[in-house]
Amino acid sequence: MPQHIPRKQLKKDEVRETLQHGADALLSHQQATLYILIIAIVVALGVFGWKTYTERQTVKASAEFDSAMKVFQSPVGTPPTPGETSYASDSQKFAAAAPQFADVASKYPRTHAGQLARYYAALSYEKLGKVGDAKKELQDLTSSSDHEVAALAQLELAGIDDRAGQDDEAVKLYEGLIAQPSVLVPKPVAMMALAEHYAPKNPAAAARLYAQIKSEYPDTPIAEQADQALALLGSKS
């Protein structure tokens, strides 16, 4: 025969179970909160560590880039002043600068200095007559996440194509820079480069660009350059 449990005892059991469930829920909540806190701390430490690492890499990259730039800008054919280096020829100078820039670019590819070093390595290759190597580096840089360096590479690459008689490729690059200018390669600079490209073969197109520069950027040094180029263009026609 089933044992009869007094109502008072049932109520005590219900209260005990409620308290037990509440304690379990509280414990579970505390554990979840602890896990979230631990995760937050780990993430915060990771972000701090990455930020510190990135800052250190940036400082190192900038210092090594500056050293390579000193070589790139060294005087040629003159006795060096104290603390400076001089080279007997441009080829010697750029032959010394190129591997230094390449080393910075290789070691710090995600920094601005590393990207800029790759650009100057390309310039050094171009100065040494290694146009193929220069173009490869510049073409890769045109898709760089660093918009300013990408714009510089695009402008230099357009100049190489221009000098090689690859008119269609050069015009496409110049027009891209005009459509998406940057701080280092502003729109009037790209327009001026395209006008200079057109001047020998299509003076009418060049004249339109020079006039546009004068109209859109009045009372500026580049407007004065456009005015002088326009006058020179008229004297040749």
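The length gained by stretching the chain between residue 228 and residue 148 to full extension, at 0.36 nm per residue less their Cα-Cα distance, is 26.0 nm. Annotation: extensible slack from residue 168 through residue 131 equals 11.5 nm (criterion: 0.36 nm per residue apart, minus Cα-Cα distance).
According to the square roots a ≥ b ≥ c of the eigenvalues of the Cα gyration tensor, what is the shape class of the range 186-237, taking rounded for a/c under 1.5, prolate for a/b larger than b/c otherwise, and oblate for the remainder? It is oblate, given that a/c is not under 1.5 and a/b is not larger than b/c. Using R0 = 45 Å, the C-beta based FRET efficiency linking residue 81 and residue 220 works out to 0.80. List, in the order given, every pair from 60/107; 60/93; 135/187; 70/93; 172/201; 130/187 whose Cα-Cα distance in the structure shown is over 20 Å. Result: 60/93; 135/187; 130/187 exceed 20 Å.
Rounded to the nearest Hz, the phi-derived 3J(HN,Hα) couplings of the range 58-75 under the Karplus curve 6.51 cos²θ - 1.76 cosθ + 1.60 (θ = phi - 60°) are 5, 5, 5, 4, 5, 5, 6, 5, 4, 5, 5, 5, 4, 5, 4, 9, 5, x, where x marks glycine and proline. A dipole drawn for the range 186-237 from +1 and -1 charges on Cβ atoms has a positive end, and of 235, 198, 213 the residue lying farthest that way is 198. Here the 3J(HN,Hα) profile of the range 202-211, calculated from phi with Karplus coefficients 6.51, -1.76 and 1.60 at θ = phi - 60°, is 9, x, 5, 5, 5, 4, 5, 5, 4, 5 Hz, Gly and Pro shown as x.
Since every read-out is calculated from the coordinates, none of them should be taken as a lab result. Predicted, not measured: the structure shown is a model, and the values here were computed from it. Please note: Cβ atoms are built from the backbone with ideal geometry, for glycine as well, and neighbour counts cover all protein chains shown.
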